[in-house]
Amino acid sequence: MSDEVDNIQKNWETYDKLLRRLSDQNINNLLEELGERLCLCPASSRVSEFNAAPGGLIDHSLGVTSAMRDLAGTGLFGEISGFIPTASIIKVGLLHDIGKIGDLADSLFVDQDSGWHRDNLGQMFKYNENCQKMSVSHRTHYLLQNFGVSLSQDEWIAIQLAGGSHFEENRFYVGSEPTLALLLQQSKSLVIHKSKLS
């Protein structure tokens, strides 16, 4: 248990440090207000998915950001990837899923109180019915907007498309995604795939 706590603390310190490098007071305010909830938030509800444990969201976001930096540096995204600002990679990689914490008052994931669901389905968390129904990307935009975090057009679209183009709300963008959005989607897919192999 101590190793898990140490890992959560270490990941949070890295996450906080990277975002504070952006020198954006609005992001700093978000970190100060939502920090504890971000630090402990799982990335998913089921063990069969990915990072379904306290601290999972930060662990996942750090992995995605690292993969984005690696992929951008390989040239797989063409010469244009050299023009993606590191600040955009950090901002989008670390903040794209913060909607998973819930809203300003309530957490989206709450402990599963059904032993049957935990034991038979591996569902460690359930959705909080007190939270307004929203997609993760919409909730992320809501939270960022609430703290006055500005996004470039490419950053906004990348966060919107983070869940994938298979969602009806994202199909409009297929074939016109900015490079940053493709970089985020591919990095996220790689990190999720790798976590399922572990």
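Going through Gly63, Gly35, Gly73 one at a time, which residue ends up being assigned to a helix (DSSP H, G or I) and buried (at least 20 other Cβ atoms within 10 Å of the Cβ)? Talk me through it step by step, then tell me what you get.
Details: Gly35 fails: buried (at least 20 other Cβ atoms within 10 Å of the Cβ); Gly73 fails: buried (at least 20 other Cβ atoms within 10 Å of the Cβ).
Gly63 is the lone residue from the list that is assigned to a helix (DSSP H, G or I) and buried (at least 20 other Cβ atoms within 10 Å of the Cβ).
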Open item on the list: Looking at the range 30-43, I want the residues that are in contact (Cβ under 8 Å) with a residue 60 or more places away in the chain and among the aliphatic types (A, V, I, L, M) and have a partner that is assigned to a helix (DSSP H, G or I) and buried (at least 21 other Cβ atoms within 10 Å of the Cβ) with Cβ atoms under 7 Å, at least 6 apart or on another chain. Which pairs are those?
Closed with: Leu34/Ile101; Leu38/Leu57; Leu38/Ile58; Leu38/Ile98; Leu38/Ile101
Task: Selection count, the range 89-110, where residues are buried (at least 22 other Cβ atoms within 10 Å of the Cβ) and either polar (S, T, N, Q) or part of a strand (DSSP E or B) (or both) - done: 2
Open item on the list: Here are the criteria: (1) assigned to a helix (DSSP H, G or I); (2) modelled with pLDDT under 95. Tell me which single one Gly163 does not satisfy.
Closed with: (1)
Task: Residues (acidic (Asp, Glu), part of a helix (DSSP H, G or I) and modelled with pLDDT of 95 or more) located in the range 5-32 - done: Glu13, Asp16, Glu32
Open item on the list: Regarding the range 28-50, can at least one residue be identified that is over 16 Å from the mean Cα position of the chain (by Cα) and closer than 18 Å to Ser152 by Cβ?
Closed with: no
Task: Residues (of a type outside the set (Asp, Glu), surrounded by fewer than 18 Cβ atoms within 10 Å (Cβ to Cβ) and either within 16 Å of the chain's Cα centre (by Cα) or farther than 19 Å from Ser195 by Cβ (or both)) located in the range 1-17 - done: Met1, Ser2, Val5, Gln9, Thr14, Lys17
- [ ] Tell me which of these Ser61 doesn't satisfy, since it passes every other one: (1) out of contact with any Asp or Glu (no Cβ under 8 Å at 6 or more places or on another chain); (2) within 28 Å of Asp3 (Cα to Cα); (3) not charged (D, E, K, R).
- [x] (1)
Open item on the list: Residue under question is Arg46, and the condition is that it be touching a Gly at 6+ places or on another chain (Cβ under 6 Å) and among the charged types (D, E, K, R); does it hold?
Closed with: yes
Open item on the list: Suppose the filter is surrounded by 14 or more Cβ atoms within 10 Å (Cβ to Cβ) and in contact with a strand residue (DSSP E or B) (Cβ under 9 Å, 6 or more places away or on another chain); does Pro54 pass it?
Closed with: no
Task: In the range 129-150, the residues that are out of contact with any Leu (no Cβ under 6 Å at 6 or more places or on another chain), modelled with pLDDT under 95 and assigned to a loop (DSSP other than H, G, I, E, B) - done: Glu129, Asn130, Gln132, Lys133, Met134, Ser135
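The values are calculated or read from the model by the stated rules, or taken from the named source; none is laboratory data. Computed from a prediction, not measured in an experiment: that's the story for all the values here. Neighbour counts run over all protein chains shown; Cβ positions are idealised from the backbone, glycine included.
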